[in-house]
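The values are calculated or read from the model by the stated rules, or taken from the named source; none is laboratory data. It should be emphasised that the depicted structure is a prediction, and the values quoted were computed from it without experimental measurement. Cβ: placed from backbone, ideal geometry, glycine included. Neighbour counts: every protein chain shown.
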Amino acid sequence: MVQGGGKEVSMTFDEAVETLKQNFEKAKTYDYVNQPLSWALYHTWKESEREEEYERCVVCGRMTNVKRKDRVGKRRFYVEGAGQLCKNCWERIYK
């Protein structure tokens, strides 16, 4: 966890750097973006905020579409004692 703006952020430093690089390359392809680094920084920050809202798969680490505030009893692919899994990992383990 990385501390950012008074909140814990689930994106690691290495993930943030990689995301920033990808966003920077993407920004350079858009004609309407005059400052690709600023665009990339903003979008990386927005992605890290989104990550705070959603669970990661405890097996592969991928982001799921399950919100952290959702009750575990209502979640799909949740394993008691382990945590939230993505659909792919759940199917790989339990099918």
**OP:** Being modelled with pLDDT of 90 or more, surrounded by 12 or more Cβ atoms within 10 Å (Cβ to Cβ) and under 16 Å from Thr12 (Cα atoms) narrows it down to one of Val58, Val79, Val66, so name that one.
**Re:** Val58
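Within the stretch 43-86, count every residue that is among the basic types (Lys, Arg) and under 22 Å from Lys21 (Cβ atoms). Talk me through it step by step, then tell me what you get.
Filtering the stretch 43-86 down to residues among the basic types (Lys, Arg) leaves 46, 50, 56, 62, 67-69, 71, 74-76.
Next, from what is left, pick out any that are under 22 Å from Lys21 (Cβ atoms): 46, 50, 56, 62.
Number of matching residues: 4.
For the stretch 25-32, check the following and say yes or no: at least one residue is assigned to a strand (DSSP E or B) and either at pLDDT 85 or above or out of contact with any Phe, Trp or Tyr (no Cβ under 6 Å at 6 or more places or on another chain) (or both).
No, the conditions are met nowhere in the stretch 25-32.
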**OP:** Under 8 Å between Cβ atoms, at least 6 apart or on separate chains: pull out the pairs that start in the stretch 55-76 with a residue that is acidic (Asp, Glu) and end on any residue that is assigned to a loop (DSSP other than H, G, I, E, B).
**Re:** Glu55/Arg68
Original post:
Out of all the residues in the stretch 41-49, is one or more at pLDDT 90 or above and either surrounded by 14 or more Cβ atoms within 10 Å (Cβ to Cβ) or in a helix (DSSP H, G or I) (or both)?
Top reply: no
